[in-house]
1. Can residue 77 be described as surrounded by 10 or more Cβ atoms within 10 Å (Cβ to Cβ), outside any helix (DSSP H, G or I) and free of Cβ contacts under 8 Å to residues at least 12 places away in the same chain?
2. Are any of the residues in segment 20-31 without any contact (Cβ under 8 Å) to a residue 40 or more places away in the chain and surrounded by 10 or more Cβ atoms within 10 Å (Cβ to Cβ)?
3. Considering each of 57, 38, 12 in turn, give the residue that is surrounded by 10 or more Cβ atoms within 10 Å (Cβ to Cβ), under 22 Å from residue 81 (Cβ atoms) and among the hydroxyl-bearing types (Ser, Thr, Tyr).
4. Go through (1) in a loop (DSSP other than H, G, I, E, B); (2) surrounded by fewer than 10 Cβ atoms within 10 Å (Cβ to Cβ) for residue 70 and report which single condition fails.
5. For segment 45-75, name all the residues that are at pLDDT 90 or above and over 22 Å from the mean Cα position of the chain (by Cα).
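The values are calculated or read from the model by the stated rules, or taken from the named source; none is laboratory data. All figures in this text were calculated on a predicted structure; none of them were measured in a lab. FYI the Cβ positions are ideal-geometry reconstructions off the backbone, even for glycines, and counts take in every protein chain you see.
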Amino acid sequence: MVAYDPDGNPITSNLADYGFITATELPSFERVPMETPTPRNPLGAKGIGEAGTIGATPAVHNAVIDAVSHLGITHIDMPCTSFNVWSAIQAAR
């Protein structure tokens, strides 16, 4: 919560002064699991994979390409192994 002094100046102007909400300030809640099995397989299981890490692979790959872009490299074959990076550097020379 942002706090101000009597003159209207913020006194919580950095993260050390800013009060973050903690678990003690949150309302209590109850988790109600809901299962909806799929009829498409005998187990009723659905796949989600690693949905939370989907953006990590292209982000790291683009960072590697950016790191060697000064050599004129605009593409490196995936997976981004040391051999593939080395091969791209050798081809650019």
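1. Yes, satisfied.
2. Applying the first criterion (without any contact (Cβ under 8 Å) to a residue 40 or more places away in the chain) to segment 20-31 yields 20-31.
In the following step, the residues that additionally are surrounded by 10 or more Cβ atoms within 10 Å (Cβ to Cβ) were identified as none.
Within segment 20-31, none of the residues are without any contact (Cβ under 8 Å) to a residue 40 or more places away in the chain and surrounded by 10 or more Cβ atoms within 10 Å (Cβ to Cβ).
3. Values: 38 fails: under 22 Å from residue 81 (Cβ atoms); 12 fails: under 22 Å from residue 81 (Cβ atoms).
None of the others qualify; the one that does is 57.
4. In the conditions (1) in a loop (DSSP other than H, G, I, E, B); (2) surrounded by fewer than 10 Cβ atoms within 10 Å (Cβ to Cβ), residue 70 misses (1) alone.
5. Listed by number, the residues that qualify are 68, 69, 70, 71, 72, 73, 74, 75.
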